[in-house]
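Okay, structure first, notes after.
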Amino acid sequence: AAVAAAGKPLLGFKAVPTSSADAVVVPDGYSSQVLIPWGTPIHSGGPAFKKDGSNTAAEQAQQIGAHHDGMHLFPISDKHGLLALNHEYIDTTLHYADGSAVMTREKVDKALAGHGVSIVKVRDRRGTWIVEDSKYNRRVHGATPVAFSGPVKADHPELRSNNAPLGTLNNCSSGATPWGTYVTCEENWNGYFGTDDPTWAATAEQKRYGVAAAGFGYGWHKADPRFDLVKNPKELNRFGWCVEIDPFDPKSTPVKRTALGRIKHEGATFAEASDGRVVVYTGDDQDGEYIYKYVSAERWKNSAKKGRSPLDDGTLYVAKFNDDGSGSWIPLVFGQGALTAAGGWKDQADVLIRTRTAADAQGATRLDRPEWIAVHPETGEVYATLTNGVGNGGKVNPRKPNPYGHIIRWNESGHDNGALTFTWDVFLLAGDPAYDPAAAALGADDIFGSPDGLGFDGDGRLWIETDISNTSQNLASKGYDHIGNCALLASDPATREIKRFLTIPRGAEVTGVTFTPDFKAMFVNIQHPGEASTAWGAPTPADPRAVSNWPDFDPDGRPRSATVVITKNDGGKIGT
Ligand code: FEO
Ligand code: CA
Ligand code: CA
Ligand code: CA
């Protein structure tokens, strides 16, 4: 079980109250600092952010991207390291000076440059974190050349396109490998593709991934044929993957690791099996989708010695949660179970391109929107957020509907993350007891909803980040009005105690938790401040500034996603 220093409770801070303020609020004795908002140049001589949205695509490609999400600090010391962070999507109201009603190639290019990953060298300079000019400072975005590896090759007929393999999009959460690389995950990639050709109809596979003629309304296909479902019908199969980037090799080409499957990857959480094989957990964040696990074929250190990636040879499994508290990992391997030639499957590449359909065929368990996954640093116990949903049934999704979400956990057999069976339980039901008696265990210091980001620190505190979106609001119908803005909470896995640590600006979600090696600085991302939401019971304004103008509070500016660094004023570990 998790323990703090002798005699001290694990959660040593005083909880902050719920908030409707347009501010980051930390507990007494803590400080917060804004670092690298959207548009910050990644080199000191780079183009400055223009607050009217008029930076060009070429300028955006030399600046921090939009909508910060998953993040990892690759430490060099307790005081400096490489910060790698994802940029999930762009807000079309904020991204351009004149909105997005008219789509141009330049606007598509600026959108692409706003996505992807930023890598910057950061340093604690006498108590203030800064970005240093460094050869490592780099952007990877939606037009960066990429490679494919594993069973699905770049020249696979289903991936052949009119252009070379380019870019990574909708970079949601991420992971860090034991060998020191960053893995960024492609989530809602389907929304970028569309067509105005009335003869187009979605294939069964495209329907399974939510591909539609209108996409999410971005309209990129109107200005760039790369995103047109008729002119370039296979381009979309190049998305939905986990992408490995070596932050310490700024000239390296990002690699799409196809053995990890093609879904709407939330994240990639790394662990080690007891025999040294690498294990990767990943959720497919859509209501009724699944949790997956990849296990490498051999010890990752052996593969590395042979110059092979342990992420190229291995087995992808999907989770089955039984109502008796047991569970198992079902292989998604061509020739096994339903995945045979007689069942309509061609080979392993086919299984991986159509991962969702393969998991359907193998009888996986539908879940209420699986988001982040975290592995306890000592016990190997695995925790996963099911953020909210209609309530997909079974004891693993106990509420119908499930507007507040919950956190499940499982112990792999023999405490071996490489095992193929496990036992599971529900760790916490989120909610507000005023509306849902199932959340009666929660009090004023800990009501919360829609858990999303998740991460452990070195003492075994489980940090829980919330993302209250309009979809959860709609499921709840007024049930979020006491919960207020999104929050970061800490919990004790041994006692289920939970406390609100931080509240964030209006309209935003908090994501991307990572620490310095001494756990004395915590980095989190504030994503989409000002996103129009019904969370505060007010009518939805057309201008995001009416909701939030964080962090600049400039009446002529616009809200910006940013990283925030949290420190304890006495120099202690976060959360103690
Ligand atoms: Fe990108 Fe499911 O959050
Ligand atoms: Ca998320
Ligand atoms: Ca979410
Ligand atoms: Ca998000």
For strands (runs of 3 or more DSSP E) lying entirely in segment 434-534, having 2 or more residues that are of a type outside the set (A, V, I, L, M) and within 27 Å of Val390 (Cβ to Cβ) picks out 451-456, 462-466, 509-515
Looking at Arg257, Arg277, Arg308 in this structure, which one is more than 16 Å from ligand 3 (Cβ to nearest atom), among the charged types (D, E, K, R) and in contact with a Cys (Cβ under 7 Å, 6 or more places away or on another chain)? Arg257
Contact list please: Cβ distance under 6 Å, first residue in segment 65-76 and in contact (Cβ under 8 Å) with a residue 12 or more places away in the chain, second residue in a loop (DSSP other than H, G, I, E, B) and among the acidic types (Asp, Glu), pairs at least six apart or on different chains. His67/Glu88; Asp69/Glu88
Yes/no for Asn485 being modelled with pLDDT under 95, surrounded by fewer than 22 Cβ atoms within 10 Å (Cβ to Cβ), out of contact with any Leu (no Cβ under 6 Å at 6 or more places or on another chain) and among the polar types (S, T, N, Q): no
Only one of Gly380, Gly414 that is away from ligand 2 (no atom under 16 Å from the Cβ), of a type outside the set (Phe, Trp, Tyr) and part of a loop (DSSP other than H, G, I, E, B): Gly380
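Here's the yes/no breakdown for (1) farther than 30 Å from Ala494 by Cα; (2) buried (at least 24 other Cβ atoms within 10 Å of the Cβ):
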position	(1), (2)
Lys14	no, no
Gly45	yes, no
Thr56	yes, no
Leu85	yes, yes
Tyr96	yes, no
Val102	yes, no
When you check Leu475 against the structure, is it over 16 Å from the mean Cα position of the chain (by Cα), farther than 16 Å from Ile407 by Cβ and within 16 Å of ligand 1 (Cβ to nearest atom), yes or no? yes
So how many residues does segment 323-335 have that are free of Cβ contacts under 8 Å to residues at least 40 places away in the same chain and either surrounded by 14 or more Cβ atoms within 10 Å (Cβ to Cβ) or among the hydrophobic types (A, V, I, L, M, F, W, C) (or both)? 4
Restricting attention to segment 458-482, report how many residues are modelled with pLDDT of 95 or more and farther than 23 Å from Asp425 by Cβ. 2
One residue from Glu186, Glu235 being touching a helix residue (DSSP H, G or I) at 6+ places or on another chain (Cβ under 9 Å) and either in contact (Cβ under 8 Å) with a residue 60 or more places away in the chain or of a type outside the set (A, V, I, L, M) (or both): Glu235
Taking segment 64-79 and the residues there that are out of contact with any helix residue (DSSP H, G or I) (no Cβ under 9 Å at 6 or more places or on another chain) and closer than 24 Å to Pro551 by Cα, the one that is nearest to ligand 1 (Cβ to nearest atom) would be Asp69
Any residue in segment 285-298 that is away from ligand 3 (no atom under 16 Å from the Cβ), under 29 Å from Ile407 (Cβ atoms) and not in a strand (DSSP E or B)? yes
Quick test of your reading of the structure: Glu106 fulfils all but one of (1) more than 15 Å from Arg558 (Cα to Cα); (2) touching a residue at least 24 places away in the same chain (Cβ under 8 Å); (3) assigned to a loop (DSSP other than H, G, I, E, B); (4) not hydroxyl-bearing (Ser, Thr, Tyr). Name the failing condition by number. (3)
Looking at Asp124, Asp196 in this structure, which one is under 26 Å from Gly512 (Cα atoms) and acidic (Asp, Glu)? Asp124
Output yes when any residue across segment 121-133 is among the hydrophobic types (A, V, I, L, M, F, W, C), in contact (Cβ under 8 Å) with a residue 24 or more places away in the chain and not in a strand (DSSP E or B), and no when none is. no
Which one is nearest to Arg138 (Cα to Cα), of the residues in segment 237-246 that are buried (at least 23 other Cβ atoms within 10 Å of the Cβ) and not β-branched (Val, Ile, Thr)? Glu244
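The values are calculated or read from the model by the stated rules, or taken from the named source; none is laboratory data. Computed from a predicted structure; not experimentally measured. Positions of Cβ are generated from backbone atoms using ideal geometry, with glycine treated the same way; all protein chains shown enter the neighbour counts.
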